Amino acid sequence: MGKILKKLILVTSPPACGKTYVSKKLAENLNHVVYLDKDTLIPLSKQIFLVANEEYNRSSPFFNKYIRNEEYDVILDLAFEAIQYADLVLINAPFTKEVRDLPYIRSLEAKLKDYNAQLDIVWVSTKPEICKQRMFERNSDRDTWKLNNWDEYIKTCNFTVPEGITNLHIFNNNSQEEFDESMKRICKILEEN
């Protein structure tokens, strides 16, 4: 197999770490990138909650059992379609469980080899107290349960950097200075062949 030319970039972190903002700014600064956001699937998920007569709660057992994994499967299927035609495909999604599941990561890396592509993961590192403030500021219904049950919710979040991933890049996002340094450094790395 020849030199790796393509990259699937997962921008991941717990909710409200600035993942969407970082993802969009990366996409603006990278050349010829396809941008995919898992949140685009939320209207479909809301419809599933409605049809099932379930309260809209993206932290609920119902969501985890019937919707969560399918959202990830769909966004990855879209990415694999896109990588056939683009050198860089960026997915904005938490991947909170998957990023700590090394067999899952290795399987994804193996599948990407069929496309002459590699996996790069950008971990957005932000302090929990900053995340809570950002949830208040963005005022989204997806955060209502989380904010109303903060102590219970935050126990389910893992802010530590994932281990054992070959192409893992830390994007520090606690201040504008950290953001600027991380953007410059990571764009350079992602555009290297």
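The values are calculated or read from the model by the stated rules, or taken from the named source; none is laboratory data. Please read these numbers as outputs of a predicted model, since none were measured by experiment. Positions of Cβ are generated from backbone atoms using ideal geometry, with glycine treated the same way; all protein chains shown enter the neighbour counts. Areas reflect the complete protein model, heavy atoms only, side chains present, ligands, DNA and RNA absent. Shrake-Rupley method; radii C 1.70, N 1.55, O 1.52, S 1.80 Å.
Whole-Hz Karplus values for region 138-153 come out as 7, 6, 9, 5, 5, 9, 4, 4, 4, 5, 6, 10, 3, 4, 5, 5 Hz, taken residue by residue from phi with 6.51 cos²θ - 1.76 cosθ + 1.60 and θ = phi - 60°; glycine and proline positions read x.
Overall size of region 148-193 from C-alpha positions, given as principal axis extents largest first: 43, 28, 12 Å.
Over all directions, what mean area does the Cα convex hull of region 1-140 project, stated in square nanometres?
On the way: hull surface 37.6 nm².
The number I arrive at for region 1-140 is 9.4 nm².
Computed over protein heavy atoms with a 1.4 Å probe, the carbon and sulfur contribution to the accessible area of the chain reaches 51%. Ellipsoid fit via the Cα gyration tensor, region 1-66: semi-axes of 31, 15, 11 Å, each the root of five times an eigenvalue, largest first. Between ASN167, ILE130, LEU108, the Cα set farthest toward the positive side of the dipole of region 52-193 (charges on each charged residue's Cβ, about the Cα centre) is that of ILE130.
Taking the longest Cα principal axis of the chain as reference, the axis of helix 102-113 is set at about 40 degrees.
Just by accessible area at a 1.4 angstrom probe, what is the order of TRP123, TRP145 from largest to smallest? It would help to have the intermediate numbers written out before the result.
Details: TRP123 5, TRP145 70 Å².
Sorted by accessible area, descending: TRP145, TRP123.
Rounded to the nearest 500, what is the chain's calculated 222 nm mean residue ellipticity when only DSSP H runs of at least 4 contribute -39500 (n - 2.57) each, over all residues?
Numbers: 9 runs with 92 residues, N = 193.
Value at 222 nm, helices only: -14000 deg cm²/dmol.
In a DSSP loop and with at most 15 other Cβ atoms within 10 Å, the trypsin sites (Lys or Arg not before Pro) in region 40-117 are LYS97.
Each residue was assigned an accessible area with a 1.4 Å probe, and for LEU76 the value is about 10 Å². Applying both filters, DSSP loop and at most 12 other Cβ atoms within 10 Å, to the GluC sites (Glu not before Pro) of region 89-193 gives GLU163, GLU192. Test of the criteria: in region 156-193, which chymotrypsin sites (Phe, Trp or Tyr not before Pro) are in a DSSP loop and have at most 15 other Cβ atoms within 10 angstrom of their Cβ? When the chymotrypsin sites (Phe, Trp or Tyr not before Pro) of region 156-193 are filtered for loop state and at most 15 Cβ neighbours within 10 Å, PHE159 remain.
Taking all protein chains together, ILE91, ILE42 sort by accessible area into ILE42, ILE91, largest first [probe 1.4 Å]. Using the 1.4 Å probe convention, the accessible area of the chain works out to 54 Å² per residue with neighbouring protein chains retained. Figure note: TYR85, TYR115 ranked by solvent-accessible area, largest first, 1.4 Å probe, ligands and nucleic acids not counted: TYR85, TYR115.
Counting heavy atoms of the protein chains alone, LYS127 has an accessible area of about 100 Å² for a 1.4 Å probe.
When every alpha-carbon pair in region 113-170 is counted, what percent end up more than 12 Å apart?
Values: 1221 of 1653 pairs.
Cα-Cα pairs of region 113-170 separated by over 12 Å account for 74 percent.
For ASP37, the residues 5 or more places off, or on other chains, whose built amide H falls under 5 Å of its own are ASN92.
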